[in-house]
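See structure below.
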Amino acid sequence: MSESQNKNPKPIEIFAMATDPIYIGTGGYTIGRVDNTIVRDPITNIPKIPGSSLAGTWRYYVVLETLKDIKDYQPEWEDIKNSEGDTVGKKLEKFNWNNKQPDGWRGFAGNQVMKITCAGQDNIPQEELANSPYATDKNGKTGHCGHCIVCKGFGFSKKDISWQGQLFFSDLNILFFPVFTVRGTKWITTVSNLREIGLEEDEPSKNKIKTKKGDERHLNLGWLHLEVEGTHRFCNEIEFENFILTPDDVIIVPKSLFSHIINSNLEVRTSVSIDPITGAAKEGALFTSEAIPRGTIFYGNIRIFDKSSFAQAEEKLQPLPSIKELENALMDSKHYYESLGIGGMTTRGFGRLKIMLI
Ligand SMILES: [Zn+2]
């Protein structure tokens, strides 16, 4: 492998399936009859999971996964003294695992100073990197430690150094979207979606669709009634543990219809705001929310960069996690998407995803 290939590795592909409806809000815009709208691609108008949401949740999940195992390990600190010999601060002297260093990425040198606050917004962005593992804000809260695999992998910004990180998440776009038909639930996709995953297919004619059998003549996709033009060549199976998407489940629709069908088959729920004090429904507090339905299959990628040459130039950043360590950290923490999920309204049964990395 040449050096340039090594520095810009092949991205890791992500396939994800919504096992709950997914709600990632835009923050209070109302469109039509929906109060809580979801994030969409500005050009195609198709809902998506933004890469920033993925990065934010995964950051948190790697922290959870690490802290489970390392809470018993303590780093060694060295006091920083002024010329009078008074202690004016602390410096991390060495990462001492006391001869019981966890295996693999969990044993990465800086993980000993990881805290739950390495996820989320940094409470102490104005600290110097050397003080960051123990420094607190005026409320006593720690922030990004700047040393652990999460801070180095996902990035951090301090008074003396800003580090972009080594992990870059694309958006998760809808690859297959479930719709009701008289023949049961089918998953629609487009020729350009399939090209994203390396499959070639011919575009159906205007307002016509392609199925595996190709002999249904007409088929309803939700409310839409469309002519079946013929067969498609899609012959792969996409497997998520106990769910398998088969070629028979797949319908190829023209690109011009994809967004329309998705947007008219989103899950729309009406809820009532509850007054937290009385426990009763607030008057006039009925609101509607839309969500990407369960069964939707998404596709995206993660790029992991080996930045060891940057770290050599900037001694404070050493050591950096390897590509393999970061890959394993993501792999071992993705199970949290199946319990804690992504996006909003997770306490109302939204947000869970099954993630597959390839
Ligand atoms: Zn950290």
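The values are calculated or read from the model by the stated rules, or taken from the named source; none is laboratory data. Keep in mind it's a predicted model, so treat the numbers as computed, not measured. Counting neighbours? That spans all protein chains shown, and the Cβs are built from the backbone with ideal geometry, glycine included.
Some notes on this structure:
- Of residues in the stretch 122-143 being away from the ligand (no atom under 14 Å from the Cβ) and under 20 Å from residue 317 (Cα atoms), the one surrounded by the most Cβ atoms within 10 Å (Cβ to Cβ): 128
- If you go through the stretch 157-173 and keep only what is within 14 Å of the ligand (Cβ to nearest atom), part of a strand (DSSP E or B) and over 28 Å from residue 38 (Cα atoms), you end up with 157, 163.
- Qualifying residue in the stretch 201-224 (condition: within 16 Å of residue 14 (Cα to Cα) and assigned by TED's automatic domain parsing to the domain that holds residue 19): no
- All conditions in (1) away from the ligand (no atom under 16 Å from the Cβ); (2) on the phi < 0 side of the Ramachandran plot hold for residue 198, with the sole exception of (2).
- Residue within the stretch 210-222 that is among the β-branched types (Val, Ile, Thr) and in contact with a Pro (Cβ under 9 Å, 6 or more places away or on another chain) present: no
Quick grid of which residues meet (1) assigned to a strand (DSSP E or B); (2) buried (at least 23 other Cβ atoms within 10 Å of the Cβ); (3) more than 16 Å from the ligand (Cβ to nearest atom); (4) in the same structural domain as residue 112 (by TED's automatic domain parsing):
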position: 145; (1), (2), (3), (4): no, yes, no, yes
position: 151; (1), (2), (3), (4): no, yes, no, yes
position: 179; (1), (2), (3), (4): yes, no, yes, no
position: 188; (1), (2), (3), (4): yes, yes, yes, no
position: 192; (1), (2), (3), (4): no, no, yes, no
